[in-house]
Amino acid sequence: QVQFVESGGGWVQPGGSLRLTCVASGFTFHKSPMRWYRRPPGQRQREYVAHISGDGDNIDYDMSVKGRFTISRDNAKSTVYLQMNNLKPEDTAVYYCYAIDQNGWGQGTQVTVSA
């Protein structure tokens, strides 16, 4: 059974930083490209945030977070991370990790950026 457990969210002031963690299980993690998505308040659809290949060599970001967020992974721990710096109020959302070759989502972790 595919599972994702996200953590590390919270409240932070604009300009602050948070590091999100997603522990995955139920599939061969090191073979799966992973992504972070987010769902802002009041939106039904999740937004793409970042992508990392199975070996970590190929990384991509949405333009809205490029230069501020860093995605990484530790295949030995079946874990993917999202380091978020210089956070803005528009980054407020529930953040989810996702394996593009698997079905299923975790519960997400709430990030709130406000003064």
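The values are calculated or read from the model by the stated rules, or taken from the named source; none is laboratory data. Note that the coordinates shown come from a computational prediction; the quantities given were computed from them, not determined experimentally. Reconstructed Cβ throughout: ideal geometry from the backbone, glycine too, with neighbour counts over all protein chains shown. Accessible surface areas use protein heavy atoms only, side chains included; no ligands, DNA or RNA. Shrake-Rupley method; radii C 1.70, N 1.55, O 1.52, S 1.80 Å.
Working from label points 7 Å from Cα in the Cα-to-Cβ sense, the K31 to E47 distance is 3.4 nm. A 1.4 Å probe run over the protein chains yields, for the chain, 52 Å² of accessible area per residue, whole-number rounding. Couplings for the stretch 95-103, taken from phi via the Karplus curve 6.51 cos²θ - 1.76 cosθ + 1.60 with θ = phi - 60°, read 9, 10, 9, 7, 9, 5, 10, 10, 10 Hz in order; Gly and Pro are left as x. Subtracting the Cα-Cα distance of W11 and S64 from their residue separation scaled by 0.36 nm leaves 17.1 nm. Working note: Karplus 6.51/-1.76/1.60 with θ = phi - 60° gives the stretch 67-82 the couplings x, 10, 10, 9, 9, 8, 8, 10, 5, 5, 10, 6, 10, 10, 10, 9 Hz, where Gly and Pro are set to x. Placing a label point 7 Å from the Cα of D57 along the Cα-to-Cβ line, the residues of the stretch 21-38 whose backbone N sits under 16 Å from it are 30-34. Nonpolar atom fraction for the chain, defined as the carbon and sulfur part of the 1.4 Å probe accessible area, stands at 45 percent. Model label sites at N86 and R39, defined 7 Å from Cα along the beta-carbon direction, differ in position by 2.9 nm. In this label model, N75 and S114 are separated by 4.2 nm, measuring between points 7 Å along each Cα→Cβ vector.
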